[in-house]
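What follows is one structure encoded as structure tokens, with my remarks underneath.
Bear in mind these aren't lab numbers, they're just calculated from the coordinates by the rules spelled out. A quick note: this is a predicted structure, and the numbers were derived from the prediction, not measured. Cβ placement follows ideal geometry from the backbone for every residue including glycine, while neighbour counts extend to all protein chains displayed.
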Amino acid sequence: MTAVYLEASFETGKDRSLKDILISELADIGFESFMDSEQGFLAYVREDEFNDSEYQSLITRLEVVNKVALTRIEPQNWNAVWEAQFDPIEISDKVCIRAPFHKKPIGFKYDLVIEPKMSFGTGHHATTRLMCSALLDMDLVGKDICDMGCGTGILGILAMKAGAHSVLGIDIEDWAVENSKENAERNNVEMQVLLGDASALGGKSFHGMLANINRNILIADFEAYQKCVKPSGWILLSGFLETDVEAIIEKGSSLGFEHKNTFVEENWRCIWMKKASV
């Protein structure tokens, strides 16, 4: 059954610091996706995971005085919504992320055709672009990769196009599982996709792990990730802000991962860590 979401619309104007603080705090109380809007940004949380008391406390504590609207979003034709808003995304002059109704681009090494079931995971968010850019610098040929919280499947599809031997996508949403499978087929790549959380990793092993989620989930599930990353393997993480970097690196380091690089876009961050060889 497709989940019902709540959409919080924040009018932050040009106050970038307030916007980033709000996004970080909202992620801590269960909000899982964010999109820019003309007046500020939109934040999404599953209705069954929304805690109104925590939400109201956050609004009061941060003294949010600009207009905030909270709307219940019924399951709908997100493709139609997306089609009305979506323009192709270009990353490092190597990747073009487009919808089926866009013309095929010329001059890009990787052409990704993505059609989402929800309005998340299209490449418009900085964290998705950061993950894609980082993947372009990695040797994925012949590697087994896992994409946690795969959403539309965009990262796994790019990994397969870049030469990965296999990709396993995992997501807690049934619509995401279906959508990832459809997008993999649309891009002529084979990608296994499972419904579940980090518990679905049991007994599996990978050369590389991708996880573009949020700070709390990343830290809570890091041990599960560590167990399935092969010696000398790596983990690429995003979905968090600059203020979260230290805590995530500390958690990874405690589990035998060495911080190799941090990728930056505005206040969003992507971290690459490598596991010890033995």
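A compact table of results
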{"item": "Cα-based reach from K109 at 18 Å (exclusive), listing aspartates and glutamates while leaving out same-chain residues under 8 positions away", "result": "E90, D93, D137, D139"}
{"item": "Estimated FRET transfer efficiency when R0 is 35 angstrom, pair K260-T71 (beta carbons, to 0.05)", "result": "0.25"}
{"item": "Residues whose placed amide H lies under 5 Å from that of F240, excluding near-sequence neighbours", "result": "R269"}
{"item": "Label-reachable residues, the range 154-193, where backbone N falls under 20 Å from a point 7 Å from K227's Cα toward its Cβ", "result": "168-172"}
{"item": "Computed E for S57/N188 - FRET, C-beta separation, R0 41 angstrom, nearest 0.05", "result": "0.25"}
{"item": "Amide H within-cut-off set for L194, under 5 Å, with H built and near neighbours excluded", "result": "G169, I170, D171"}
{"item": "Counting DSSP beta bridges with both ends in the range 129-278, the antiparallel % (nearest 5)", "result": "45"}
{"item": "Hydrodynamic radius of the range 125-275 per Kirkwood, over alpha carbon pairs, in Å", "result": "15.0"}
{"item": "Among the listed pairs K181/K260; K204/K274; K94/K181; K19/K274, those beyond 29 Å (Cα-Cα)", "result": "K181/K260; K19/K274"}
{"item": "Charged-residue dipole, Cβ positions (Lys, Arg, Asp, Glu), the chain about Cα centre, Debye nearest 20", "result": "1000"}
{"item": "Two-decimal ratio, the range 135-180, of alpha-carbon radius of gyration to 2.2 N^0.38 Å", "result": "1.11"}
{"item": "Along principal axes, Cα extents of the range 5-75, largest first, whole Å", "result": "31, 24, 18"}
{"item": "Zone of S92's modelled label, taken as backbone nitrogen in the range 238-272 under 15 Å from a point 7 Å along Cα→Cβ", "result": "261-265, 270-272"}
{"item": "All Cα pairs of the chain, percent lying beyond 33 Å", "result": "18"}
{"item": "Per-pair calculated FRET efficiency, R0 = 30 Å: D28 and D139 via Cβ, rounded to 0.05", "result": "0.30"}
{"item": "Relative contact order [Cα under 8 Å, 6+ residues apart], the chain, whole percent", "result": "14"}
{"item": "Share, in percent, of DSSP beta bridges within the chain that are antiparallel, nearest 5", "result": "60"}
